[in-house]
1. Give, as a single signed number, the net charge of other residues whose beta carbon lies under 13 Å from the beta carbon of Ala135, with Lys and Arg counted +1 and Asp and Glu -1.
2. If neighbour count is taken as other Cβ atoms inside 10 Å, put Met577, Met358, Met148 in order from fewest to most.
3. What is the total of Lys pairs in segment 456-586 with C-alpha atoms under 19 Å apart, excluding same-chain pairs fewer than 8 positions apart?
4. Below 15 angstrom from the Cβ of Asn350, what's the summed charge of the other residues (Lys, Arg +1; Asp, Glu -1)?
5. Using 0.36 nm per residue of separation minus the Cα-Cα distance, give me the extension gain between Arg76 and Arg549 in nm, one decimal.
6. Under 1.5 on a/c is rounded, so check that first for segment 69-333, then, if it is not, pick prolate when a/b is larger than b/c and oblate when it is not; a ≥ b ≥ c are the square roots of the alpha carbon gyration tensor eigenvalues.
7. With θ set to phi - 60° and the Karplus curve 6.51 cos²θ - 1.76 cosθ + 1.60, what are the ³J(HN,Hα) couplings of segment 358-370 in order, to the nearest whole Hz, using x for Gly and Pro?
8. Got the relative contact order for segment 350-463 handy, in percent, Cα pairs under 8 Å and 6 or more residues apart?
Amino acid sequence: MPGCNSLPNRTSQSIENLYENNVTRRLKRYVDVNYSYRKLFLIVVGVFALIWILGFRLFPSEAPSVQEPAADCLTRKLYRFADESANYDTNIIHNPPLPEEKNYLPYVGNGYLGVGLYEEALISIKPQNGRTLSAALPFRPFVRVSVMDEEFRREAVISQYGRGTVHRQACIEFGHGDSLETLVRYYAHRTYPTVLEQDVTIKNPGPTEAIVEFEQLGWTGDPPFTTGDVKKIQQGDEELSYLLGSGVIEINKKLIGVAIVYKKVPNALTVKAKSSKSIRFITVVNYAYLSNRKEFETVQVNLMNKSEQELKRALSHSMQKFQDRHETAWQDLWSTGFYISPSRAINALNGDKINATMYYVLSQVRDPLHEVDVLPTQVTETKAVLSYSEGCYGGHHTLQAPSLWSNLETQSDVLSVTNLWLLTLEKLGCHNLLRAGAPGVMQGMVLSFGALKFSNQHLEFNTEPKDLHRDYLFRRVWYGNATHVNISVKVEADNKAVLFVALDRSDKDYYACDAGCLDSPIELSTEKKRFPVKVTDPATAVLYITSDRRHIEELRLSIHVKEVIEAPAHENHVISMHKHGSGYGAMSTMFWVSISLLIILFHLFLFHLVYTEYFGSQDKFRTRNPLI
């Protein structure tokens, strides 16, 4: 009967349905659990892969660009300094400083006077027998510039080492959304050493006139100086006012008589809409060393008269021509120099600090080759000193001397480092070069960077091969009055250093040989000549240069070495430290963090699979009677 046949069929179908449902539930549970882990794993892997691909873009080191007009204006104004900044010939500091900027002290000096560019900065002069401009005068020379109804400003200070000039560029918002640009230029004149100048240029591109206010901080009153009445001078069609002050300061029980003449500062200046104006603020300082205070009575008049005459002489030049003459002298001085390839190693010395240090040292020393009132006999003597640098530099190379590369953030730091540099050069064979002033100091510093030494008719390069693990360029080393030598070190792809030598100019033939001088000398020219870096036993210089072929041939006989081999390649981790900041090649830190996390996650996932397989095996083979 149909009823009797349907019972077993229904029972069979129920068993099948129960079995299918049980299997389906177990499969679904297994898939859900494993799918969730796999999904989580894949999501984590995807996130870290994305982080690695994007690198540090997710965590930018620079603050996002500010969109207000003043910030955009300042950015545009700084474009012209970008190349110099990239070459470390210029240092830019925003106010407040950006995280990656070097907070080196903005400073101007010429060896006769100097001053840091901060609010309460005093003019400093050189005490008797002093090495640096460490004697402060009770006078603050700079003029504060502000705009009436100023609401907001963005500014940066730019120190141009190769021009001896510091700029303060500002973009200002005033009134109801109007804008104004100010450029303040400071320099201690290189050819007129008694002159300190501050030039202010104001551009008003907007439709509203602006009132620019000036404030001169002036005298501090300690020690008190005698100040006179306002005097006037006719400059073309314009009548200019100026003031005088004089007095005596005492430094280390030595007396210095000082006279200061400075241009009177107007209270305010109106700049019409869509126009610009420029104004010069000149300060002239003269001083003399005294044996007693009574002597100042006779010296005072002479110092004041001289200062007045030099103010008139400075004003007789146009602002631009006067500045050009100063910058040309600095550029000539800066033509000798040094380059070192950038290093990302921790606490590595780089070009920014090297150039800043050279600038500060040069700012403490006068330049007899460019000053206008130097006698012709002194110029001749200076050139003779520069052409004969025997014995300089006689120590180990200075790139690895930490005390010579300390902080440069305050005037005290600058004077301390400068004093140590001048002392080091003086005691290690460069005392004659220091007599040549700033050109001799620049030459001595560049020689010291590579332990280059003039010795008995030749120039030798004494840096050890193991220290030549970065690219160097010694630019325009003086070898006599008419010859400049360029020496470069290049670390090639095989991590071996090689030398290149070329003449910038010459008045005779020059020859060079590598360590030991066993090979025939090579004649130098304006084209680069290649020399291998060799290691000798006992150690000798890695390079010799001379204008006397007979001398270099005799040098081959007088240098006694047991063994000469080509210097081995530098270890990979050393080169990698300089290029990438670590010994693990060019991979970023984020890459290695990501790899480590991926390895950890893989092992966690593997552990989960093993755990599931082992502890879930009992359920895999367990059977259940669906009827019970």
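1. Net of charged neighbours comes to +3.
2. Working: Met577 19, Met358 22, Met148 12.
With the sparsest Cβ surroundings first, the list reads Met148, Met577, Met358.
3. Total qualifying Lys-Lys pairs in segment 456-586 comes to 15.
4. Working: positive: Lys102, Arg344, Lys353, Arg470, Lys579; negative: Asp89, Glu100, Glu101, Asp352, Asp471.
For residues surrounding Asn350, the net value is 0.
5. Between Arg76 and Arg549, full extension yields an extra 164.8 nm.
6. prolate
7. Values per residue, Gly and Pro as x: 4, 4, 5, 5, 5, 5, 9, 10, 7, 10, x, 6, 10 Hz.
8. Reported as a whole number, the value is 35 percent.
No value in this document is a laboratory result; all are computed from the given coordinates. Since we're looking at a predicted model, the values are computed, not measured. Cβ: placed from backbone, ideal geometry, glycine included. Neighbour counts: every protein chain shown.
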